[in-house]
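Working notes, beginning with the structure itself.
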Amino acid sequence: MQPVVQETYGPADLSGDPIFAGGFINFGYWQAVDLDLPLGETERIRSQEDLYRHVLDAAGLAGEPKLLEVGCGLGMGCAMALREYGPSAVTGMDIHPEQLQRARGAHAGLLRDESARLRLVQGAAERMPFEDGEFDAVISVEAAQHFPDFGAFAAETSRVLRPGGRVAVASFFTVDDVPGRPEELAQLLDTYANGLDIARPVNALADAFTTAGLTNVGVESIGAHVWPGWDLWLGRSWAPGTWPRNFLRAYEQRILDYYVITAGRPG
């Protein structure tokens with residue numbers, strides 16, 4: 001774990017920042033929110049839940065699947081999946097022990113009452129502590145920008161998926177591999193300058209899935225439903241010209257975008 005990741009999700013506790021309302025830690029999917037009306041915590045939480053719904057739908061859950069979330073944070077998405085999608089079991093995995101401690105506290109009752117269906121475990125995206133073919137679906141919501149090795153993540157995802165299983169990953173990536181993109185983002189956004197987020201093109205993950213033997217790889221841009229709403233929400237706390245407002249600027253300059261990447265293990 002990189003020191004900046006350890007600090008951000010440990011002592012600094014990003015989940016406690018008011019911009020991430022409701023215990024979720026994502027930018028949100030704002031399609032169902034009227035951005036012409038004042039935004040409050042209810043709309044913010046709806047945007048974050050809707051991002052999970054979009055990813056879970058993209059994963060094509062059917063029947064009573066066994067689901068893994070990589071980078072589960074406080075486990076809010078795991079709890080929502082358990083509540084709304086009827087899986088036989090949900091496993092939330094996170095690399096950070098302090099995040100998992102907070103998640104276990106936040107969902108103590110659910111972990112007790114649904115002990116056969118919900119578990120939270122520590123593990124890295126590049127080295128998952130699971131059996132081959134253990135899951136019907138793997139999702140990851142706004143964590144891949146931290147993964148140091150897409151090749152290892154893709155290989156592990158392919159390994160833990162059963163034949164016919166699917167993966168859906170949502171995160172933000174550069175739109176291309178033009179030289180200088182990392183430097184451009186480092187100038188615009190502190191999270192790239194300090195190494196918390198890693199600048200890589202979306203095709204890097206798509207290609208890693210293909211190399212790992214996954215098929216039907218799809219790349220969907222959802223930036224139009226992420227960046228404008230996220231910037232409006234940021235405007236409650238950050239003035240124009242401050243670095244967090246540059247996410248929208250990077251999108252408008254066609255440097256950065258938000259994507260959902262899907263793939264399947266051949267059955």
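Quick check: anything in region 21-38 more than 20 Å from Arg236 (Cβ to Cβ), over 15 Å from the mean Cα position of the chain (by Cα) and among the acidic types (Asp, Glu)? No, region 21-38 has no match at all.
With open to solvent by 40 Å² or more (accessible area, probe 1.4 Å) and touching a helix residue (DSSP H, G or I) at 6+ places or on another chain (Cβ under 8 Å) as the only criterion, which of Gln122, Gln101, Gln48 stands out?
On the way: Gln101 fails: touching a helix residue (DSSP H, G or I) at 6+ places or on another chain (Cβ under 8 Å); Gln48 fails: open to solvent by 40 Å² or more (accessible area, probe 1.4 Å).
Only one candidate qualifies: Gln122.
Is it true that Gly235 is crowded, with 21+ Cβ neighbours inside 10 Å and modelled with pLDDT of 95 or more? Against the criterion (crowded, with 21+ Cβ neighbours inside 10 Å and modelled with pLDDT of 95 or more), Gly235 does not qualify. If you go through region 157-200 and keep only what is crowded, with 16+ Cβ neighbours inside 10 Å, more than 22 Å from Met93 (Cβ to Cβ) and touching a strand residue (DSSP E or B) at 6+ places or on another chain (Cβ under 6 Å), you end up with Thr174, Val175, Arg181, Ala199. Only one of these conditions is not met by Arg112: (1) touching a His at 6+ places or on another chain (Cβ under 9 Å); (2) in a helix (DSSP H, G or I); (3) not hydroxyl-bearing (Ser, Thr, Tyr). Which number is it? Failing condition for Arg112: (1). Residues in region 247-263 that are in a strand (DSSP E or B) and open to solvent by 10 Å² or more (accessible area, probe 1.4 Å): Tyr259, Thr262. Entry remark, region 210-228: residues being out of contact with any Ser or Thr (no Cβ under 6 Å at 6 or more places or on another chain), open to solvent by less than 40 Å² (accessible area, probe 1.4 Å) and not in a loop (DSSP other than H, G, I, E, B) number 2 in total.
If I ask for residues that are within 20 Å of the chain's Cα centre (by Cα) and in contact (Cβ under 8 Å) with a residue 40 or more places away in the chain, which ones from region 228-243 would you list? Within region 228-243, Pro228, Gly229, Trp230, Trp233, Leu234 meet the criteria. In the set (1) open to solvent by less than 20 Å² (accessible area, probe 1.4 Å); (2) assigned to a helix (DSSP H, G or I); (3) touching a strand residue (DSSP E or B) at 6+ places or on another chain (Cβ under 8 Å), the condition left unmet by Ala152 is number (1). Between Leu196, Leu205, the distinction of being within 25 Å of Gln6 (Cβ to Cβ) and not in a helix (DSSP H, G or I) belongs to Leu196 only. For region 21-45, a tally of residues being among the β-branched types (Val, Ile, Thr), open to solvent by 60 Å² or more (accessible area, probe 1.4 Å) and part of a loop (DSSP other than H, G, I, E, B) returns 0.
The values are calculated or read from the model by the stated rules, or taken from the named source; none is laboratory data. Bear in mind that the values here come from a model prediction, so they are computed numbers and not experimental data. We place every Cβ from the backbone using ideal geometry, glycine too, and count neighbours over all the protein chains shown. To get the accessible areas, we keep the full protein, side chains included, count just its heavy atoms, and leave off ligands, DNA and RNA. Shrake-Rupley method; radii C 1.70, N 1.55, O 1.52, S 1.80 Å.
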